[in-house]
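Student: Before anything else, here's the structure in question.
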Amino acid sequence: MRFSVHGGVQINVNERIQLTPQLLLMKQGTAMEQMIGMSVRMPASATADLLAGINYRINDALAPYLAVGYGQWLFGFSYDVAAGELGKQVPGTSSFELSLTYTGLPSGRPIRYLSCPRL
């Protein structure tokens, strides 16, 4: 069984800048991953946002990232820098990562709750 908890909260610093602290906890068998992070989001133009942040995987790695948001989409780039024992013992364990994220419903559309019947 896999146990996973993740979350964050978007804090409006002012009408242009948002800070988002985030947390991830995952456990499966004897493996455990814990990650904390912080990002800042600000307008880059009239239609796009710029997002920058860093995550720290406890005792393992740092992952700085940059992203561009357009509408409900976010295109991101990060670099996972191995900082734990694996990174010290095995060269080449750091990696580049690309992400494409869809974040919710278009604004103005009502949220429709779905009913899941019991099986």
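Student: Of all the strands (runs of 3 or more DSSP E) wholly in the stretch 1-76, which have at least 2 residues that are farther than 23 Å from residue 102 by Cα and more than 14 Å from the chain's Cα centre (by Cα)?
Tutor: Values: elements: 2-8, 18-28, 31-43, 48-57, 61-70.
Of the strands (runs of 3 or more DSSP E) lying wholly inside the stretch 1-76, those with at least 2 residues that are farther than 23 Å from residue 102 by Cα and more than 14 Å from the chain's Cα centre (by Cα) span 2-8, 18-28, 31-43.
Student: Working carefully through the options 83, 44, 67, find the one that is surrounded by 11 or more Cβ atoms within 10 Å (Cβ to Cβ) and modelled with pLDDT under 90.
Tutor: Details: 44 fails: modelled with pLDDT under 90; 67 fails: modelled with pLDDT under 90.
Answer to the check: 83.
Student: I would also like to ask the following. Is there any pair linking a residue in the stretch 18-37 that is in contact (Cβ under 8 Å) with a residue 12 or more places away in the chain and among the charged types (D, E, K, R) to one that is assigned to a strand (DSSP E or B) and surrounded by 14 or more Cβ atoms within 10 Å (Cβ to Cβ), with Cβ under 6 Å and at least six apart or on different chains, and which?
Tutor: Partner pairs satisfying both residue conditions: 33/26.
Student: List the residue pairs whose Cβ atoms are under 6 Å apart, where the first residue sits in the stretch 42-58 and is farther than 19 Å from residue 24 by Cα, the second is surrounded by 13 or more Cβ atoms within 10 Å (Cβ to Cβ) and acidic (Asp, Glu), and the two are 6 or more positions apart or on different chains.
Tutor: Hits for this filter: 43/49.
The values are calculated or read from the model by the stated rules, or taken from the named source; none is laboratory data. Note that the structure is a prediction, hence the values are computed from the model and not measured. When we count neighbours, we look across all protein chains shown, and the Cβ atoms used for this are built from the backbone with ideal geometry, even at glycine.
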